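Here the structure is laid out as structure tokens; the discussion comes afterwards.
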Amino acid sequence: MVTSLLNALNKKCNHPDLAKLLLRLSMGMLLFHGFHKVMAGVGGIGAMLVAHGVPEYVAYGVYVGEIVAPILIILGVLCRPCAIVIFGTMVVAWLLVDKGSTFAVDQYGAWAIESLMFYVMMSLVILFNGAGRFSIVSEKWR
């Protein structure tokens, strides 16, 4: 009886393209970080980059990683290249801001870099799975 119920559940819930769409929409929450940088500017990021010997203008790349790439992923356009861009953006964010928190927990007991790692992991899943059927472009551009 349990086996038949589990098989029925598996059959009803087996929608990988819908799962890819939901994942892409979840990645879209990265836009909130990007919009914050549109409103506040990237001066703070530029200063951190300069402190590490990187030119300040590189900070403008955050707009690509936190606005352009998430929008394209939501739409299902160039998902794999955009996932690589987001992965790189998150690695840079970790190196600039959160490297010291890698093995720490926050005041609520959560991993201190938990949200950053969610974006890292989602970008890797999108990289390896692609956009799925629910996309605005043809297969060759997903």
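The values are calculated or read from the model by the stated rules, or taken from the named source; none is laboratory data. Note that the structure is predicted; figures quoted are calculated from it, not measured. No Cβ is skipped: glycine too gets one built from the backbone with ideal geometry, and neighbour counts run over all protein chains shown.
One table, with the values for the structure above:
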| read-out | value |
| --- | --- |
| Selection count, the stretch 8-31, where residues are without any contact (Cβ under 8 Å) to a residue 60 or more places away in the chain and surrounded by 11 or more Cβ atoms within 10 Å (Cβ to Cβ) | 6 |
| Verdict on ALA93 being outside any helix (DSSP H, G or I), surrounded by 16 or more Cβ atoms within 10 Å (Cβ to Cβ) and touching a Leu at 6+ places or on another chain (Cβ under 9 Å) | no |
| Residue check for SER26: out of contact with any Phe, Trp or Tyr (no Cβ under 6 Å at 6 or more places or on another chain), among the small types (Gly, Ala, Ser), assigned to a helix (DSSP H, G or I) and farther than 23 Å from LEU124 by Cα | no |
| Among the residues listed as ALA131, ALA83, ALA104, ALA110, the single one being under 17 Å from MET29 (Cα atoms) and more than 11 Å from the chain's Cα centre (by Cα) | ALA131 |
| Residue within the stretch 99-106 that is surrounded by fewer than 16 Cβ atoms within 10 Å (Cβ to Cβ) and charged (D, E, K, R) present | yes |
| Pairs where the first residue, in the stretch 106-118, is at pLDDT 90 or above and the second is surrounded by fewer than 11 Cβ atoms within 10 Å (Cβ to Cβ) and assigned to a helix (DSSP H, G or I), C-beta under 9 Å, 6+ apart | ILE113/LYS99 |
| ALA47 vs. criteria in a helix (DSSP H, G or I), aliphatic (A, V, I, L, M) and loosely packed, with under 14 Cβ neighbours inside 10 Å | yes |
| Output for the stretch 51-77, where each listed residue is in a helix (DSSP H, G or I), among the small types (Gly, Ala, Ser) and buried (at least 20 other Cβ atoms within 10 Å of the Cβ) | ALA59, GLY65, ALA69 |
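For (1) under 13 Å from HIS33 (Cβ atoms); (2) in contact with a Phe, Trp or Tyr (Cβ under 8 Å, 6 or more places away or on another chain), each residue gets a yes or a no:
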{"site": "GLY61", "(1), (2)": "no, no"}
{"site": "CYS82", "(1), (2)": "no, no"}
{"site": "GLY88", "(1), (2)": "no, no"}
{"site": "VAL91", "(1), (2)": "no, no"}
{"site": "VAL97", "(1), (2)": "yes, no"}
{"site": "TRP111", "(1), (2)": "no, no"}
{"site": "VAL120", "(1), (2)": "no, yes"}
{"site": "ASN129", "(1), (2)": "no, no"}
{"site": "ILE136", "(1), (2)": "no, no"}
